[in-house]
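One structure below.
The values are calculated or read from the model by the stated rules, or taken from the named source; none is laboratory data. Here the structure is a predicted model, which is why all the values come from computation and not from measurement. As a convention, Cβ positions derive from the backbone with ideal geometry for all residues, glycine included, and neighbour counts pool all protein chains shown.
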Amino acid sequence: MSPGGTRPRVVIVGAGFGGLRAARALAHAPVDVVLVDRHNYHLFQPLLYQVATAGLEPEQIARPVRAVLRGQRNFEFRMTEVTGLDAPGKRIVTTDGPIAYDYLILAVGGQTNYFGLDGVERHGFGLKDIPEAIRIRNHVLRAFERAMVETDAERRRAWLTFVVVGGGPTGVEMAGALSELIRLVLVKDYPRLNVKDVRVLLLEATDRLLGPMPARLREAAAETLWRKHVEVRFGATVADYDGERVTLKSGELIPAPTLIWAAGVQAVSLTARLGLPTVRQGRVAVAPTLEVPEHPDVYVIGDAAYLEVAGAPLPMMAPVAIQMARTAAANIQRRLAGQPPASFDYRDPGSLATIGRNAAVAYIRGIGFTGFPAWVVWLVVHIIQLIGFRNKLFVLLNWAWDYFFYERAARLITTMD
Ligand SMILES: Cc1cc2nc3c(=O)[nH]c(=O)nc-3n(C[C@H](O)[C@H](O)[C@H](O)COP(=O)(O)OP(=O)(O)OC[C@H]3O[C@@H](n4cnc5c(N)ncnc54)[C@H](O)[C@@H]3O)c2cc1C
């Protein structure tokens with residue numbers, strides 16, 4: 001019986017990729033669904049870098065949760081911050097009081113991992129939510145304004161040096177988009193600027209970009225970035241950052257007031273406060289059926305969950321969260337019907353990374369391809385996955401406009417800090 005109602009209550013924490021899909025998957029189940037998030041919107045994180053590089057407005061990649069699930073009759077939304085869990089009492093603790101559950105799905109996602117580099121955390125830029133993307137956009141555009149009035153040549157070159165750290169998909173996409181913003185668009189806004197003073201560096205600690213992809217695709221990505229004027233540096237480990245200079249482990253100093261950190265991700269810090277067993281990256285260890293072994297009414301999915309398949313942990317990526325959501329929702333229904341839960345079976349849909357206009361790498365079902373075809377696949381996949389017809393339409397229009405007119409509409413500096 002529901003806490004106070006007639007039907008079992010499923011509380012889902014997090015309206016990201018996993019939580020939203022879980023709520024939808026329970027639309028016709030004999031349960032009441034309460035979805036809780038500290039924000040009132042679902043965010044499509046894979047396109048955040050385009051907000052950071054002035055290509056899209058935030059509202060084009062986010063959508064209010066209440067609008068997304070408006071038609072679902074067994075659904076209720078609560079905007080509040082979850083701060084703890086009382087598993088024996090079957091309640092979550094929030095800043096607005098406890099919420100009781102019969103079944104709980106935790107889909108609380110991840111946060112940037114700075115690996116204890118306090119200077120990077122304090123002075124660098126993470127890219128995990130809308131305010132951070134807007135901060136990067138403001139800062140990059142302001143760096144150009146500062147460079148225009150800087151009389152000292154060395155200082156001017158520093159203002160025009162942009163360091164991106166991390167050679168995974170986010171770092172690769174961010175570096176490519178930043179270089180194109182500068183070389184295709186900002187050069188027109190700043191005709192007195194010497195473009196030779198501009199540097200975009202992509203620092204990667206290992207000897208490869210896009211780690212899990214085949215060597216041919218990794219090399220193609222690096223080559224494309226070089227062609228787009230991104231200096232790719234392998235074996236470059238960041239040791240410290242003071243907001244003015246990046247210090248590498250080798251002792252090399254790179255003067256740069258801009259450092260964008262795309263080198264690590266971990267589960268949100270909340271997972272450490274729930275009394276659940278956490279393992280690598282603060283992720284909660286779950287059984288193959290996605291429950292927490294000691295608490296069979298609690299499911300953890302997506303970035304916050306740790307599950308190994310064939311000896312390797314599942315990646316912190318949207319398809320894992322989406323597929324786990326379906327399994328968790330199905331297992332709750334199976335339990336209500338007195339059936340045993342099913343194990344999670346991950347189907348890898350492949351991986352994609354774009355490197356600016358007409359360029360991408362794709363690895364799908366063992367087939368790798370690059371260039372324009374991969375870029376088109378990337379565009380189609382992202383448009384399909386965006387939530388809401390309005391967002392799909394506006395993003396498509398924006399991309400078409402930028403493609404044909406070499407523009408980025410959103411290059412506004414919106415704060416003075
Ligand atoms: C910049 C960037 C680019 C990415 N690109 C890709 C990509 O190209 N392809 C891909 O597959 N994956 C990509 N990812 C990863 C992908 O976004 C995540 O794997 C996915 O979002 C995980 O889904 P989730 O449901 O676990 O968490 P999320 O989608 O992060 O959702 C978590 C939700 O929980 C809420 N929440 C967290 N803590 C609390 C709390 N205490 N109280 C209330 N609510 C809370 C948050 O507000 C959020 O809405 C990218 C991520 C980033 C940051």
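Of the listed requirements (1) within 12 Å of the ligand (Cβ to nearest atom); (2) under 30 Å from ALA409 (Cβ atoms), ALA23 misses just one: (2).
Of everything listed in (1) away from the ligand (no atom under 11 Å from the Cβ); (2) under 19 Å from VAL298 (Cβ atoms); (3) part of a strand (DSSP E or B); (4) not β-branched (Val, Ile, Thr), the single unmet condition for GLY84 is (1). Contact map, the range 292-315: residues that are near the ligand (Cβ under 9 Å from one of its atoms) paired with residues that are aromatic (Phe, Trp, Tyr), Cβ distance under 8 Å, separation 6+ or inter-chain. Pairs shown: GLY302/PHE17.
The lone criterion from (1) crowded, with 20+ Cβ neighbours inside 10 Å; (2) in a helix (DSSP H, G or I) left unmet by GLU223 is number (1).
Yes or no, residue by residue, for (1) in a loop (DSSP other than H, G, I, E, B); (2) more than 9 Å from the ligand (Cβ to nearest atom); (3) surrounded by fewer than 16 Cβ atoms within 10 Å (Cβ to Cβ):
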residue: ARG63; (1), (2), (3): no, yes, no
residue: ARG73; (1), (2), (3): yes, yes, yes
residue: ILE99; (1), (2), (3): no, yes, no
residue: VAL108; (1), (2), (3): yes, no, no
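Scanning the range 275-302 for residues that are crowded, with 23+ Cβ neighbours inside 10 Å, more than 21 Å from LYS128 (Cα to Cα), β-branched (Val, Ile, Thr) and touching a helix residue (DSSP H, G or I) at 6+ places or on another chain (Cβ under 6 Å) turns up nothing.
Counting residues in the range 7-15 that are within 30 Å of VAL172 (Cα to Cα) and either part of a loop (DSSP other than H, G, I, E, B) or within 15 Å of the ligand (Cβ to nearest atom) (or both) gives one or more. Checked against (1) more than 19 Å from ALA305 (Cα to Cα); (2) in contact (Cβ under 8 Å) with a residue 40 or more places away in the chain; (3) more than 16 Å from the ligand (Cβ to nearest atom); (4) over 20 Å from the mean Cα position of the chain (by Cα), TYR103 meets all criteria but (1). Residues that are closer than 30 Å to ARG334 by Cβ, charged (D, E, K, R), in contact with an Asp or Glu (Cβ under 9 Å, 6 or more places away or on another chain) and within 16 Å of the ligand (Cβ to nearest atom) occur in the range 279-290; there is at least one.
Give the range 87-97 a look and list any residue that's of a type outside the set (Ser, Thr, Tyr), surrounded by fewer than 19 Cβ atoms within 10 Å (Cβ to Cβ) and within 14 Å of the ligand (Cβ to nearest atom), or say none. Show your work before the answer.
Taking the range 87-97 first, the residues of a type outside the set (Ser, Thr, Tyr) are 87-93, 96-97.
Those still in the list that are surrounded by fewer than 19 Cβ atoms within 10 Å (Cβ to Cβ) too: 87-89, 91, 93, 96-97.
Residues satisfying the conditions are VAL93, ASP96, GLY97.
Among residues belonging to the range 26-56 that are among the hydroxyl-bearing types (Ser, Thr, Tyr) and in contact (Cβ under 8 Å) with a residue 40 or more places away in the chain, point out the one that is farthest from the ligand (Cβ to nearest atom). Looking at residues that are among the hydroxyl-bearing types (Ser, Thr, Tyr) and in contact (Cβ under 8 Å) with a residue 40 or more places away in the chain, I get THR53. Read through the list (1) surrounded by fewer than 22 Cβ atoms within 10 Å (Cβ to Cβ); (2) in a helix (DSSP H, G or I), then give the number of the only condition that ALA177 fails. Evaluating ALA177 over (1) surrounded by fewer than 22 Cβ atoms within 10 Å (Cβ to Cβ); (2) in a helix (DSSP H, G or I) leaves (1) as the failure. Of the numbered criteria (1) loosely packed, with under 14 Cβ neighbours inside 10 Å; (2) at pLDDT 95 or above, the one ALA305 fails is (1).
Of everything in the range 336-369 that's of a type in the set (S, T, N, Q) and in contact with a Gly (Cβ under 8 Å, 6 or more places away or on another chain), which residue is farthest from VAL381 (Cα to Cα)?
It comes out as ASN358.
The single condition among (1) touching a residue at least 60 places away in the same chain (Cβ under 8 Å); (2) among the aliphatic types (A, V, I, L, M); (3) part of a strand (DSSP E or B); (4) touching a Ser or Thr at 6+ places or on another chain (Cβ under 7 Å) that VAL232 does not meet is (4). Residues considered: ALA263, ALA272, ALA267. Of these, the only one that is surrounded by fewer than 22 Cβ atoms within 10 Å (Cβ to Cβ), closer than 30 Å to ASP37 by Cα, within 16 Å of the ligand (Cβ to nearest atom) and among the aliphatic types (A, V, I, L, M) is ALA272.
Mind listing just one residue for me: the one in the range 260-278 that is of a type outside the set (A, V, I, L, M) and within 21 Å of ARG91 (Cα to Cα) and, of those, nearest to the chain's Cα centre (by Cα)? For the range 260-278, the residue satisfying everything is SER269.
Residues considered: LEU48, LEU35, LEU26. Of these, the only one that is buried (at least 23 other Cβ atoms within 10 Å of the Cβ) and within 21 Å of ALA133 (Cβ to Cβ) is LEU48. With respect to the conditions (1) in contact (Cβ under 8 Å) with a residue 12 or more places away in the chain; (2) within 25 Å of ALA100 (Cα to Cα), PRO349 lacks only one, and its number is (2).
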